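The values are calculated or read from the model by the stated rules, or taken from the named source; none is laboratory data. All values reported here derive from a predicted model rather than from experimental measurement. Every residue, glycine among them, receives a Cβ derived from its backbone with ideal geometry; neighbour counts consider all protein chains shown. Areas reflect the complete protein model, heavy atoms only, side chains present, ligands, DNA and RNA absent. Shrake-Rupley method; radii C 1.70, N 1.55, O 1.52, S 1.80 Å.
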Amino acid sequence: MLVAILLFHRVTALDAVGPYEVLQRLPGAEVVFTAARPGPQATDGTLSLVAATPLADVPAADVLVVPGGFGTRPLVRDEPLLAWIRQVHATTTWTASVCTGSLLLAAAGLLDGCEAATHWRAVGELEALGARPVGRRVVDSADRIVTAAGVSSGIDMALVLAARLAGDDVARSIQLAIEYDPEPPFDAGSPDKAGPAIVELAGGRPR
């Protein structure tokens with residue numbers, strides 16, 4: 001089972017690495033990191049992730065994961081990349097996005113009229129690209145497509161995929177193996193919970 005994870009300049013590291021930690025534990029999984037230009041890809045922090053495989057060498061995959069990050073904004077107009085996403089999606093069992101990766105799926109025409117998740121700061125952008133943003137952490141209302149909200153929700157999304165691909169017990173065993181049992185110190189993980197002052201501090205507009 002080939003799992004392809006797209007990388008690009010200014011990708012958010014956890015968007016890619018969170019799903020990787022789950023999906024690479026699936027029985028028989030082979031995970032490749034791929035990019036238009038292989039090599040180190042700068043994240044939107046100081047970390048770099050390495051894509052060893054060019055897009056041209058990944059014409060098909062069983063699972064496609066499109067992470068987000070500030071680098072997605074120019075890519076919504078990158079027709080060669082969008083064409084590659086459409087090509088690979090035609091072969092997948094599941095296509096998935098994390099955070100603003102859903103902007104790329106929408107720009108590729110895969111989310112027209114479909115409910116989808118994204119980072120709370122990118123809801124307007126996702127809607128403008130033809131999707132119907134919803135506030136759930138993981139959304140699977142589109143055919144063969146699962147979208148996740150911001151950053152850490154990629155782990156939740158990958159566990160959903162693991163259950164679909166290998167069964168609930170395998171997904172539970174992976175959750176246990178990575179000890180994913182979150183107990184955040186603050187109840188501020190969504191704009192509704194955080195409140196207007198924290199939303200503004202996090203770079204959003206208070207509602």
| said: Regarding the stretch 39-55, can at least one residue be identified that is buried (at least 16 other Cβ atoms within 10 Å of the Cβ) and within 20 Å of VAL146 (Cβ to Cβ)? | reply: no
Those strands (runs of 3 or more DSSP E) completely within the stretch 72-173 that have 2 or more residues that are of a type in the set (Gly, Ala, Ser) are 94-98, 138-142
Pairs returned, first residue in the stretch 17-37 that is more than 11 Å from VAL63 (Cβ to Cβ), second residue that is part of a strand (DSSP E or B) and among the polar types (S, T, N, Q), beta-carbon separation under 6 angstrom, 6 or more apart or interchain, are THR34/THR53; ALA35/GLN41
| query | Would you say VAL170 is without any contact (Cβ under 8 Å) to a residue 40 or more places away in the chain and of a type in the set (Val, Ile, Thr)? | reply | no
Pairs returned, first residue in the stretch 131-149 that is on the phi > 0 side of the Ramachandran plot, second residue that is open to solvent by 60 Å² or more (accessible area, probe 1.4 Å), beta-carbon separation under 8 angstrom, 6 or more apart or interchain, are ARG144/THR93
Reported set for the stretch 174-183 where residues are hydrophobic (A, V, I, L, M, F, W, C) and in a helix (DSSP H, G or I) is ILE174, LEU176, ALA177
